[in-house]
Amino acid sequence: MRRRGAEEADSPPSEMSEDEDGGGGGGDRWMPDLRGGNGGGGGGCGGRWAPPDQVLENVLESVLEFLTAARDRNAASLVCRSWYRAEAQTRRELFIGNCYAVSPRRAVERFGGVRAVVLKGKPRFADFSLVPYGWGAYVSPWVAALGPAYPRLERICLKRMTISNDDLALVAKSFPLFKELSLVCCDGFSTQGLAAVAERCRYLRVLDLIEDYIDEEEDELVDWISKFPESNRTLESLVFDCVSVPFNFQALEALVARSPALRRLRMNHHVTVEQLRRLMAKAPQLTHLGTGAFRSEPGPGGALSVTELATSFAASRSLTCLSGFRDVNPEFLPAIHPVCANLTSLNFSFANLTAEELTPIIRNCVRLRTFWVLDTVGDEGLRAVAETCSDLRELRVFPFDATEDSEGSVSDVGLQAISEGCQKLESILYFCQRMTNAAVIAMSKNCPDLVTFRLCIMGRHRPDRITGEPMDDGFGAIVMNCKKLTRLSVSGLLTDKAFAYIGKYGKLIKTLSVAFAGNSDMSLQSVFEGCSRLQKLEVRDSPFSDKGLLSGLSYFYNMRFLWMNSCRLTMRGCRQVAQQMPDLVVEVMKDHPDDEGEMETVDKLYLYRSLAGPRNDAPPFVNIL
């Protein structure tokens, strides 16, 4: 899935030169201490010596401190060796888009002052269970290297990594000033690891667990929330809606009560509306709230009424983002009416709602900029969104039933309505079973500011539902009319014509995902030759062979990775790529890891750049050529 790290530059790591001590006196010229010294001192020490090139380097470091964009920093590091050293010493956030693209040792040797690390592991298709279990992306070597190198590290964000409880314990132990931990689509840990972080990271401000997989046995549960020390009153964000196991609600209630800076709280489905109301009373300052189940479990005092819950929402005047609703009782939905007018983000992607249940809510959400929803709302529900949310910037419509032969409840009708009513749209993800070229063309004309367009027609090779023609003209219009487009996902019945459009007009595209599309290797050739900024290419279940793969030989070094799944590749073609491009890592995988012997056809290919060479933790079903 998102920037090429400066850690991939060709220059070797080197150390910054240090100021040399020098005494003032005689006819020597005094030089100020540009590294932060006071320029004077007792005993007649008037200043410090600094050669002219050191002064320039100090000034350069001071300037680079204000340079925050990764692209700008990467460009600065390539100017000359002096700039390379200065940029490395002043970089505070280290982004690694592929944990196997560079070794931990090389990264920490080059960047000496890092305060935050963002690290990504498995390819994005792991989200669709297309990357075999046990493939890799283990965070252990990174944690072991970061600890000694960055004792002042404050923030770690991991995405699609495998992280053990021991890794989390080492994080908590290694960084005494640690403040933020975000784990996105990660696996391998349990409540035991969370307990270590909560207990030992005494300055923790952010603990965000997003779409992680936590495999926990009932007899191994740890009361992790009660491990937050009572002295910790700095918590700003706590997200654990993906942690499916029960937790200590009384401990959470106490934690929320003593956290005046808490702004973001998203809880799992074990939280009832009665408990939700108690938490909201203790944290009226919340701006982001994940409601939990949004259903009632009456206690001794009886069931909570909708009016009582609405009163709690009315008191939460700071709420702008609302999510959760994991086991929603539609009868309680009117309770959120008091905050709808202030909402900028609403996530119903776990709520099985109909158009009739959604419409009264969405009619009040006039400021909405981000909206996620299940396709159960149908085209009628999307029409209500279009008629109300004219300022919408991001829309995601997920399938309730993601199988290829499902009926699906949204179609081209809903998409066209959105394009007509939400013309400021910048990003859309739309799962459906039926689509037309006319609807996609209308979106390209009505929403020219689109940066991300992901249309997922789940049935294989589905044509225009009215004309029976391929979807070529629709996707062609998207790349022609949406001049800011950087991310594109295509599906449906597509021929080489669609990919010729993409190659000709998609000059800014960085990420391209292809599913069940194309009719010859010319499709891949058009993309490789035309999309000059392409970084990530993901292909599944498409008729591309070795010829299409080899057409990219001149372009692979400029890309971050290529993933091909269930295409028509052979070992011979993949070996040819490995032989001609020795600085790339070429991994081939079996669909069934238990299969023995050499395969002639390749089930999965993962090709990526790496300064570290082939990895040493590949499982038996991964063959590195």
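Structure data summary
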quantity: Residues within region 410-427 that are closer than 13 Å to R383 by Cβ and in a loop (DSSP other than H, G, I, E, B), tallied; calculated: 3
quantity: Region 456-467 residues that are under 19 Å from V397 (Cα atoms), paired with ones that are of a type in the set (K, R) (beta carbon under 9 Å, 6 or more apart); calculated: I457/R434; G459/R434; R462/R434
quantity: Residue pairs meeting the criteria (Cβ under 8 Å; at least 6 apart or on separate chains; first over 12 Å from K445 (Cα atoms) and open to solvent by less than 10 Å² (accessible area, probe 1.4 Å), in region 408-430; second among the acidic types (D, E) and outside any loop (DSSP other than H, G, I, E, B)); calculated: V410/D375; V410/D379; S411/D379; G414/D379; I428/E394
quantity: Among the candidates K484, K507, residue that is under 22 Å from F371 (Cα atoms), surrounded by fewer than 21 Cβ atoms within 10 Å (Cβ to Cβ) and not assigned by the TED database to the domain that holds E407; calculated: K484
quantity: Hits in region 109-121 - residues which are open to solvent by less than 30 Å² (accessible area, probe 1.4 Å) and either of a type outside the set (G, A, S) or in contact with a helix residue (DSSP H, G or I) (Cβ under 7 Å, 6 or more places away or on another chain) (or both); calculated: R110, F111, G113, V114, V117, V118, L119, K120
quantity: Residue selected from region 330-352 under the condition within 20 Å of R369 (Cβ to Cβ) and among the small types (G, A, S), by the criterion surrounded by the fewest Cβ atoms within 10 Å (Cβ to Cβ); calculated: A341
quantity: Some residue of region 239-248 being assigned to a helix (DSSP H, G or I) and surrounded by fewer than 17 Cβ atoms within 10 Å (Cβ to Cβ); calculated: no
quantity: Among (1) in a loop (DSSP other than H, G, I, E, B); (2) at pLDDT below 95; (3) within 17 Å of L181 (Cα to Cα) - the single one L130 does not satisfy; calculated: (3)
quantity: Residue that is in a loop (DSSP other than H, G, I, E, B) and within 24 Å of W372 (Cβ to Cβ), where the choices are A293, A310; calculated: A293
quantity: Any hit, region 428-437, residues being in a loop (DSSP other than H, G, I, E, B) and within 26 Å of K504 (Cα to Cα); calculated: yes
quantity: Any hit, region 305-321, residues being open to solvent by 50 Å² or more (accessible area, probe 1.4 Å), among the basic types (K, R) and closer than 24 Å to S244 by Cα; calculated: no
quantity: In region 133-169, the residues that are open to solvent by 30 Å² or more (accessible area, probe 1.4 Å), out of contact with any strand residue (DSSP E or B) (no Cβ under 9 Å at 6 or more places or on another chain) and in a helix (DSSP H, G or I); calculated: P141, A144, P148, A149, N165, D166
quantity: Among the residues listed as R278, R266, R233, the single one being under 21 Å from E180 (Cα atoms), open to solvent by 10 Å² or more (accessible area, probe 1.4 Å) and outside any loop (DSSP other than H, G, I, E, B); calculated: R266
quantity: Criterion (assigned to a helix (DSSP H, G or I) and open to solvent by 10 Å² or more (accessible area, probe 1.4 Å)) met by exactly one of A261, A254; calculated: A254
quantity: Residue list for region 383-407, filter: of a type outside the set (F, W, Y), assigned to a loop (DSSP other than H, G, I, E, B) and surrounded by fewer than 22 Cβ atoms within 10 Å (Cβ to Cβ); calculated: S390, D391, R393, P399, D401, A402, T403, E404, D405, S406, E407
quantity: Total residues in region 285-307, condition farther than 17 Å from N347 by Cα and modelled with pLDDT under 95; calculated: 12
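The values are calculated or read from the model by the stated rules, or taken from the named source; none is laboratory data. This one's a predicted model, so the numbers in the text were calculated from it and none came from an experiment. Glycine also receives a Cβ, built like all others from the backbone with ideal geometry; neighbour counts cover every protein chain displayed. Ligands, DNA and RNA are excluded from the accessible area calculation, which covers all protein heavy atoms including side chains. Shrake-Rupley method; radii C 1.70, N 1.55, O 1.52, S 1.80 Å.
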